[in-house]
1. Leaving out ligands, DNA and RNA, what percent of the accessible area of the chain is carbon and sulfur, probe 1.4 Å?
2. Mind checking the full-extension length gain between residue 54 and residue 527? Use 0.36 nm per residue of separation minus the Cα-Cα distance, one decimal, nm.
3. Can you bin the chain into rounded, prolate or oblate? Criterion: square roots of the alpha carbon gyration tensor eigenvalues sorted a ≥ b ≥ c, rounded for a/c under 1.5, prolate for a/b above b/c, oblate for the rest.
4. Could you tell me the calculated FRET efficiency between residue 363 and residue 24, based on Cβ-Cβ distance and R0 = 30 angstrom, to the nearest 0.05?
5. By its C-alpha gyration tensor, with a ≥ b ≥ c as the square roots of the eigenvalues, how is the range 221-319 shaped: rounded for a/c under 1.5, else prolate for a/b larger than b/c, else oblate?
6. In what order, largest first, do 197, 376, 106 sit by accessible area if the probe radius is 1.4 Å?
7. Just the accessible area per residue of the chain, please: how many Å² with a 1.4 Å probe?
8. Roughly how big is the chain's charge dipole about its Cα centre, with Cβ charges of +1 (Lys, Arg) and -1 (Asp, Glu), in debye to the nearest 20?
Amino acid sequence: MDFWAEQAERLHWDVRWSEVLDWSGAPYAKWFTGGRLNAAHNCVDRHVEAGFGDQVAIHWVGEPGDSRDITYAQLRDEVCRAANALASLGVRAGDRVAIQLPMIPEAIVAMLACARLGAPHSVVFGGFSPSALRSRVEDAEAKVVITADGQFRRGQAVPMKANVDEALAGSAVEKVVVVRRTGEDVPMGERDVWWHELVDGQSTEHFAEAFDSEHPLFILYTSGTTGKPKGILHTTGGYLTQVAYTHQVVFDHRPGEDVYWCTADIGWITGHSYIVYGPLANRATQVVYEGTPNTPHEGRHWEIVQKYGVSIYYTAPTLIRTFMKWGEDIPARYDLSSLRVLGSVGEPINPEAWRWYREHIGAGTAPIVDTWWQTETGAIMIAPPPGSPEFKPGSAQTPVPGISAMVVDDAGKEVAPGESGYLVLDQPWPSMLRGVWGDDARFRETYWSRFTGAYFAGDGARYDADGDIWLLGRVDDVMNVSGHRISTAEVESALVSHPAVAEAAVVGAADPTTGQGIVAFVIPRDAAEVSVQELRDHVAREIGPIAKPRQIMVVPELPKTRSGKIMRRLLRDVAENREIGDVTTLADSGVMAQIAGQKSAT
Ligand code: PRX
């Protein structure tokens, strides 16, 4: 425990904790009990007070080519104004604020303003549909929603406020604050208020109240094995301790020297922990880029690295594989010599992508830290140290100091080197989730019921002969598409909500670029004409474009066991063009032949 007490010293505490860990209410942990702090003060004000007000916090790059450099002093002023503005709308500690914004500085300012007020934010990815936004806003009972008129995607201005209006029709949300980004006309209703009208005239003085270490900091929804996303709850002191610690040690971050860039979106946990809270707590200078990597050209990221002298670059394997497809001659046109540490997150990185990343981006020498963690873990858990004597392409290798992880068999017994099993975390950690919002039973059932006394991550893993950990992907019905978690059940329920669909089953099939691709099998109602394109669009409308199936097969039947459970294993065999496995447990053994026949017909 001395170890984590030492890490907590990275932060400013208004009141010191009395106990490092109280695990008596397991599986609900309390870290740094009795301690009080303000997360926004830790990420912003204290750096200004320490004399670093003129240091750039954010080099923001807009997709159309506009840019802004924001110093820590400017960031403090903006966060204070926004906090005063939210307070003027009646936002108080404990109230939830939903945020759906593009990657613009206001997104970070809004999150920090909420943190400053002790009002947990719930950020919803900008690509989520109105119905996905609505269910998240309703579940969290958000009082205020912050959004933008629109966002730039691939050179186009696409509407955002219109989606929010659709999502919030008839809802109890009191105020909608709208940032002007694309400048398009948006109807402003009675509860709508422009960000600039509300925020710009506010005072830059705002007292940052210290909150209890266990005060909720944010809720972030993630897909589980059912159709309903889970609101993962994170609290303040432990979370901030572990994100600051890992951001510093895993990336060997040096404030004032490094220029750091994490390419994630703030709609995901990576954006929360490694764009907002970790780097800012560590007084990083970072790049935040609004747009897509090939707008207006495929060298956009490398142009930005060259311009700002980025030294630490953290991205996802799916993007690396996309860069590979675009060709090594593209990064070769830029000076990437400033890069000294590269990171990867979101899914296992295949050795081929690892080698390409190191060779063509890291000049053949940069360490690559493959970081395993989850929305639930809040911060990096498994990663090789950047000074590692030996990197293993494709392995996240070892838990970071302070963290304990194990690979166990069905009975919860640790497996031997060379064997595979399930990844569990057998000791509590500071940034661990503090439950599923409003659903204690689901929290216990999902994470704590499979193995006694240990957190079950949902991932398969194995040890190699040296005892290093290799992640093998999800072992549940959660797909990983371009590093995004999507549940098969969510896509299935979107499909069956279409009038032409009687039944649907969805699997994740290996995909060379996105890791997994979504493959759906649908039984049409009344053998009616179903348009596959229409169904794909329907899923995009229901959940968001990221959930659009790569392929939809229209089939007469689905393979089910006698108890009616769909055998996804067999559907995966079809989707991945493998020989179909054991069918003896099927209720009707002829079904697979029918599906395979159907497939060859399409
Ligand atoms: O399956 C693991 C995979 O992503 C899941 C967590 O997804 P999410 O909560 O959306 O967070 C993603 C960003 C932290 C995990 O259960 N995953 C994440 N990083 C890795 C990984 N799988 C293998 N190697 C990784 N480095």
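The values are calculated or read from the model by the stated rules, or taken from the named source; none is laboratory data. Worth saying up front: this structure is predicted, and the values here are computed from it rather than measured. So basically every Cβ, Gly included, is an ideal-geometry build from the backbone, and we count neighbours across all protein chains shown. Each accessible area value is taken on the protein alone, full model and side chains, heavy atoms only, with ligands, DNA and RNA left out. Shrake-Rupley method; radii C 1.70, N 1.55, O 1.52, S 1.80 Å.
1. Details: 10760 of 22210 Å².
Reported share for carbon and sulfur atoms: 48 percent.
2. Details: separation 473, 0.36 × 473 = 170.28 nm, distance 6.67 nm.
Value of the extension gain: 163.6 nm.
3. Details: a/c = 1.44, a/b = 1.27, b/c = 1.13.
Rounded is the answer for the chain, as its axis ratio a/c remains below 1.5.
4. Details: r = 51 Å, r/R0 = 1.69.
Efficiency at R0 = 30 Å is approximately 0.05.
5. Values: a/c = 2.71, a/b = 1.22, b/c = 2.22.
Judged from the Cα gyration tensor, the range 221-319 comes out oblate (a/c at least 1.5, b/c at or above a/b).
6. Values: 197 135, 376 0, 106 30 Å².
Descending accessible area places them as 197, 106, 376.
7. On the way: 22210 Å² over 602 residues.
I get 37 Å² per residue for the chain.
8. Values: 55 positive and 78 negative charges, 98 e Å.
Taking the Cα centre of the chain as origin, the dipole is about 480 debye.
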